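Structure first, then comments.
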Amino acid sequence: MLSADGLTVEFNGQTLFQDISFVINEKDRIALMGKNGAGKSTLLKILAGVREPNRGKVSYPKETIVAYLPQHLLTQDTRTVFEETAQAFSALTDMENQINAMNEELSIRTDYESDSYMELIEKVSTLSEQFYSIEEINYDADIEKTLLGLGFSREDFQRKTSEFSGGWRMRIELGKILLRRPDVILLDEPTNHLDIESIQWLEDFLINSGKAVVVISHDRAFVDNITTRTIEVTMGRIYDYKAKYSHYLELRKERREQQQKQFDEQQKMIAENMEFIERFKGTYSKTLQVQSRVKMLEKLTIVEVDEEDTSRLRLRFPPAPRSGNYPVTAENVGKTYGEKLIFGQANFMIERGEKIAFVGKNGEGKSTLVKAIMSEIEHEGKLTLGHNVKIGYFAQNQASLLDDNLTVYQTIDDIAVGDIRTKIKDLLGAFMFGGDESFKKVKILSGGERTRLALLKLLLEPVNLLILDEPTNHLDMKTKDILKQALVEFDGTLIVVSHDRDFLDGLITKVYEFGNQRVIEHDENIYGFLAKKKIDNLREIERKN
């Protein structure tokens, strides 16, 4: 379906990857893996045709539709959500308009015998045949179904895209891609701004309706659920595994152990031969043997052991000062914007040391309640913070709030006070900003580096109530695991807003569900909650039937 042949990319004399070749077949669902900087996004852009390799080519049949979702994009502000999503069919509407225009021209022309008239007839005939051979699509119904699946309400359809955040605009772009029914879908971090229900909807679509999919994602559960093949980009080359992500990790470990064994055996053999050469190089009777071994070593190809990403975030939250027994108590709490009720009558008590997840569709009030707890917005009802509560807050857009013009070091130096000032360099090193990295300007940092720096700011002062709103966006899997372990070991109270099921699994023991203008407490872990919701949904369907 799509073939990559001999792809090579070089930056400033350095090779990112060299002579990469592989084929994407129909129904392949591929995870593109590798450490940060290995070239995954660059490779995806080349497959999408938005950038060229230095050498090599990508080829596929002319009629193949390849759709690409980058990490960052902008929709057209002047259109409504529905109008922007309908742009998925712009090629077909353009074709239809072209046919109508040519038919109009034929109806008014009288030079029936001319060559140009005959060419126009042939052109409109060919285009009409192509247009009417396309499977008939109920545009409006398909757009509505897709937008609802991605979390939009019918009331959103006629709102301008300019009213929506970047995450919601990304959903519109994703909807346009899905509606084009492409042969190959290329997705770069598609789950960063999707809630759990929308991720599950996307999973179902890609598994049941997608033809071929290539995805870069740090959402382990998402990758494991949808992919059947893993291509790893490492040390300028690729390894292709016919296995999903979790199985690939096992196979990669086995491969590296085998490489290390071969490398050690080869080094031992080289050492033995070098010793023989040094020992007998002046001995006449051994001259032929010495020369033979020298030539053998000259021709030898050294076994390479794949690199391991040894950079490691060292994250441990300071001991939490003791707070009262109930850090947060809500009595009939609600929030209304104008006439729109976001949620109401929320009643709960969060105990000291509890680890809780806020989950639900976007727009149902998760971040709103967080802001209410932070006293950033007014609200109905009564919210009480317990004795000696000290809050550490990571906002959903925390990474983007950093000052672009400061260096990494200045960002921390400007807010560090007391004894912590003597440990700034150590802290930066622990967050992989050691040496020259600390003098980088914030504006050139990647999304993952910005998030690491924003998290580091949380460690500058001991807290006993951590509130994290989507902390894992842009973090790679290894860094997410380290953050998760640090939160497991944190001895204070935790509230985390997240759509990442794998991140929440083993971390939280209670779920607060936001939906239908209510906040409902579920005394179970994330997968227990999800299993229960599916049962609830089935019962609701049965009741409706």
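Data overview
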| quantity | calculated |
| --- | --- |
| Number of positions in the range 417-436 that are within 14 Å of LEU460 (Cβ to Cβ), at pLDDT below 80 and surrounded by 15 or more Cβ atoms within 10 Å (Cβ to Cβ) | 4 |
| Checking SER498 against (1) small (Gly, Ala, Ser); (2) in contact with a Phe, Trp or Tyr (Cβ under 6 Å, 6 or more places away or on another chain); (3) closer than 21 Å to ASP219 by Cα, the condition it does not meet | (2) |
| Residues located in the range 452-476, provided they are in contact with a strand residue (DSSP E or B) (Cβ under 9 Å, 6 or more places away or on another chain) and not in a loop (DSSP other than H, G, I, E, B) | ALA454, LEU455, LYS457, LEU458, LEU465, LEU466, ILE467, LEU468, ASP469 |
| Residue list for the range 449-465, restricted to those being closer than 19 Å to VAL496 by Cβ and open to solvent by less than 30 Å² (accessible area, probe 1.4 Å) | THR451, ARG452, ALA454, LEU455, LEU456, LEU458, LEU459, VAL463, ASN464, LEU465 |
| ARG322 being in a loop (DSSP other than H, G, I, E, B) and over 35 Å from the mean Cα position of the chain (by Cα) | yes |
| The range 331-369, residues that are closer than 17 Å to GLY515 by Cβ and of a type in the set (Gly, Ala, Ser) | GLY334, GLY344, ALA346, ALA357, GLY360, GLY363, GLY365, SER367 |
| Top-ranked residue of the range 507-523 - restricted to ones that are assigned to a loop (DSSP other than H, G, I, E, B) and either within 20 Å of GLN200 (Cα to Cα) or in contact (Cβ under 8 Å) with a residue 24 or more places away in the chain (or both), ranked as most open to solvent (accessible area, probe 1.4 Å) | ASN516 |
| Criterion (within 29 Å of THR191 (Cβ to Cβ) and either basic (Lys, Arg) or open to solvent by 30 Å² or more (accessible area, probe 1.4 Å) (or both)) met by exactly one of ALA31, ALA91 | ALA91 |
| Test: residue in the range 355-368 that is open to solvent by 20 Å² or more (accessible area, probe 1.4 Å), over 30 Å from LEU453 (Cα atoms) and out of contact with any strand residue (DSSP E or B) (no Cβ under 7 Å at 6 or more places or on another chain) | no |
| Per-region count, the range 156-191, residues closer than 16 Å to ALA31 by Cα and open to solvent by 10 Å² or more (accessible area, probe 1.4 Å) | 1 |
| The range 395-416 residues that are touching a residue at least 40 places away in the same chain (Cβ under 8 Å), paired with ones that are part of a loop (DSSP other than H, G, I, E, B) (beta carbon under 6 Å, 6 or more apart) | GLN396/GLU470; VAL408/PHE433; VAL408/LYS440; ALA416/LEU460 |
| Residues being of a type in the set (A, V, I, L, M, F, W, C) and open to solvent by 20 Å² or more (accessible area, probe 1.4 Å) - total across the range 138-155 | 2 |
| Some residue of the range 148-164 being of a type in the set (Val, Ile, Thr), under 29 Å from the mean Cα position of the chain (by Cα) and closer than 26 Å to ASN473 by Cβ | yes |
| Odd one out for GLU378 among (1) surrounded by 13 or more Cβ atoms within 10 Å (Cβ to Cβ); (2) at pLDDT below 95 | (1) |
| Any hit, the range 327-347, residues being under 27 Å from the mean Cα position of the chain (by Cα) and in contact (Cβ under 8 Å) with a residue 12 or more places away in the chain | no |
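The values are calculated or read from the model by the stated rules, or taken from the named source; none is laboratory data. Note that the coordinates shown come from a computational prediction; the quantities given were computed from them, not determined experimentally. Don't worry about glycine lacking a Cβ; one is built from the backbone with ideal geometry, like all the others, and counts go over all protein chains shown. Calculation scope for accessible area: heavy atoms of the full protein, side chains included, ligands and nucleic acids excluded. Shrake-Rupley method; radii C 1.70, N 1.55, O 1.52, S 1.80 Å.
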